[in-house]
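To start, the structure itself, in C-alpha cells.
The values are calculated or read from the model by the stated rules, or taken from the named source; none is laboratory data. These numbers were taken from a predicted model, which means no experiment stands behind them. Here the Cβ positions follow ideal geometry from the backbone for every residue, glycine too, while neighbour counts run over all protein chains shown. Heavy atoms of the whole protein, side chains included, go into the accessibility calculation; ligands, DNA and RNA do not. Shrake-Rupley method; radii C 1.70, N 1.55, O 1.52, S 1.80 Å.
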Amino acid sequence: MTTPEPQPSSPQPSEPVSKDRAYRSPAGIAGGVLVLALALWLGIDALVAGDGRTPWAAAAALLFLVPLVAAYTVRPAVYANDDRMRVRNPFRVIVLPWAQVESFRSGYSNEVFTEGGDKYQLWSIPVSLRGRKKAARREDRRVAGQGQRRGLFGGGGGGVFGAGGAGSLEDGPVRAETDKVMDELRDLLEARKAAETSQGEVTVRWAYEILVPVLVGAVGLAVLLATG
C-alpha cells in the first residue's frame with residue numbers, strides 16, 4: 001500500500017511553484033528498517049566481540065548488505081508534479097518529463113513506458129494481488145447492496161439513496177490503493193503531457209552511492225571466503 005506525501009519541489013525562479021507528490025511503500029520501508037536494525041545489531045556485535053577474521057567478515061557483510069537492503073526497501077520512491085515524474089529505483093534515478101511518457105501499465109508490477117520504448121519499473125508502487133482481490137470483493141458487495149436499495153426504494157436516483165448519497169454508484173468503483181495511485185499518475189499524464197513546461201529529455205543517473213559499497217563489500221566477502 002502506498003501513501004502520497006506532499007513534497008516541495010525545487011523550481012527555477014522563472015517557473016511557477018509546483019509541489020511534488022511522493023509515493024512510497026510504508027510496508028516496504030517498515031520491513032527494511034527491521035531488517036537493517038537486525039543486520040546492524042548482529043554485525044556490530046561481531047565487530048566488537050569477534051576474534052580472528054570475524055570482525056573483517058562482519059565489516060564486509062555490513063558493507064554489502066546494508067546499502068543493498070536500503071536500496072530495495074527504504075530508497076524507492078516516485079515523485080510527480082505538473083512538469084515531470086522522478087522515479088527513484090534501487091540503483092537508478094530516472095527523470096521523465098510528461099511529454100516523454102507514453103503510458104503506464106499494471107500487471108504483476110507497475111511500470112512506466114516512454115515514447116522511445118524504454119520501460120522502467122515503479123519499485124515504490126508494488127502491486128498487491130491480495131489488495132486487488134479485497135477491493136474486488138468490496139466492489140461486488142457495494143454494487144449488490146446498491147441494487148437492493150434501488151429496488152427497495154424505487155431506483156429513481158432522488159430518494160434516500162439517490163445520487164451523491166453514501167455508497168452510490170457515482171462514487172466510482174472500489175480500487176486497491178496502488179491502483180488508485182496509478183490512476184492519479186495517468187490523470188496527471190493526460191492533463192500535462194502537452195504542456196510547454198512538460199517538455200524535455202529523459203535522464204537516468206546510476207546510484208553509485210549504493211553500487212560502490214555493495215561492490216566493495218561483495219569483493220571483500222569473496223576474498224575472505226577464498227582465503228579462509
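Before we move on, is A135 hydrophobic (A, V, I, L, M, F, W, C), in contact with a helix residue (DSSP H, G or I) (Cβ under 9 Å, 6 or more places away or on another chain), at pLDDT below 80 and assigned to a helix (DSSP H, G or I)? Spelling it out, A135 is indeed hydrophobic (A, V, I, L, M, F, W, C), in contact with a helix residue (DSSP H, G or I) (Cβ under 9 Å, 6 or more places away or on another chain), at pLDDT below 80 and assigned to a helix (DSSP H, G or I). Being more than 22 Å from T178 (Cβ to Cβ), crowded, with 19+ Cβ neighbours inside 10 Å and touching a Lys or Arg at 6+ places or on another chain (Cβ under 6 Å) is the requirement here; does P67 meet it? When the stated conditions are applied, P67 does not pass them.
Out of P55, P16, I need the residue that is over 15 Å from G217 (Cβ atoms) and at pLDDT below 95. Which one?
P16
Quick check on this structure: which one of E201, E170 is modelled with pLDDT of 65 or more and over 21 Å from the mean Cα position of the chain (by Cα)?
So the residue among E201, E170 that is modelled with pLDDT of 65 or more and over 21 Å from the mean Cα position of the chain (by Cα) is E201.
In segment 100-114, which residues are open to solvent by less than 20 Å² (accessible area, probe 1.4 Å) and not hydroxyl-bearing (S, T, Y)?
Correct list: V101, F104, N110, V112.
With respect to being open to solvent by 30 Å² or more (accessible area, probe 1.4 Å), farther than 27 Å from A71 by Cβ, in a loop (DSSP other than H, G, I, E, B) and at pLDDT below 65, G151 falls outside the description. Counting the residues of segment 90-119 that are in contact with a Lys or Arg (Cβ under 8 Å, 6 or more places away or on another chain) and closer than 30 Å to P213 by Cβ gives 8.
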